[in-house]
Amino acid sequence: MNSGRPVKRSLTLHGHRTSVSLEDAFWQAFRDAAQKNGQTINGLAAEIDENRGDVGLASAIRVHILKSLQDQSDA
């Protein structure tokens, strides 16, 4: 059973390794979003990173996933 606790995984952004902690459901939605856009999760993470401002990367990824899901349900 999934505890809902964040899982830390490594990503590479612009050639630099970084760790991000997301819950399993967000990791899966993140992978799905990247695949749907023909991107790797590193590529999508780099895109999100470039546009996140002063928000943490994990939070920016969660918001991106939420907006993506909302856009899909509005379509």
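The values are calculated or read from the model by the stated rules, or taken from the named source; none is laboratory data. Fair warning: this is a prediction, and the values are worked out from it, not measured in the lab. Positions of Cβ are backbone-derived with ideal geometry, glycine not excepted, and every protein chain shown enters the neighbour counts. Ligands, DNA and RNA are stripped out before the accessible areas are found, and what is left, the full protein with its side chains, is counted by its heavy atoms. Shrake-Rupley method; radii C 1.70, N 1.55, O 1.52, S 1.80 Å.
Give me the pairs: first residue in segment 50-63 and among the aliphatic types (A, V, I, L, M), second residue open to solvent by 60 Å² or more (accessible area, probe 1.4 Å), beta-carbon distance under 6 Å, and six or more apart or on different chains, which are they?
Qualifying pairs under 6 Å: Ala60/Arg52.
Suppose we filter segment 44-62 for residues that are open to solvent by less than 10 Å² (accessible area, probe 1.4 Å) and in contact with a His (Cβ under 9 Å, 6 or more places away or on another chain); how many remain?
Number satisfying all stated conditions: 1.
Of all residues in segment 17-49, count the ones that are more than 18 Å from Leu69 (Cβ to Cβ) and at pLDDT below 95.
The qualifying residues number 0.
Can you find, within segment 17-75, the residue that is nearest to Val7 (Cα to Cα) among those that are among the polar types (S, T, N, Q) and in contact with a strand residue (DSSP E or B) (Cβ under 7 Å, 6 or more places away or on another chain)?
Ser21
Just checking, does segment 7-22 include any residue being without any contact (Cβ under 8 Å) to a residue 24 or more places away in the chain, surrounded by 14 or more Cβ atoms within 10 Å (Cβ to Cβ) and over 10 Å from the mean Cα position of the chain (by Cα)?
Scanning segment 7-22, I find no residue that is without any contact (Cβ under 8 Å) to a residue 24 or more places away in the chain, surrounded by 14 or more Cβ atoms within 10 Å (Cβ to Cβ) and over 10 Å from the mean Cα position of the chain (by Cα), so the answer is no.
Between a residue in segment 34-48 that is more than 11 Å from Ile61 (Cβ to Cβ) and any residue that is not polar (S, T, N, Q), which pairs come within a Cβ distance under 8 Å, given they are 6 or more apart or on different chains?
From segment 34-48, the pairs are Asn37/Leu44; Gln39/Glu47; Thr40/Ala34; Asn42/Leu11; Asn42/Leu13; Gly43/Ala34; Ala46/Leu13; Ala46/His14.
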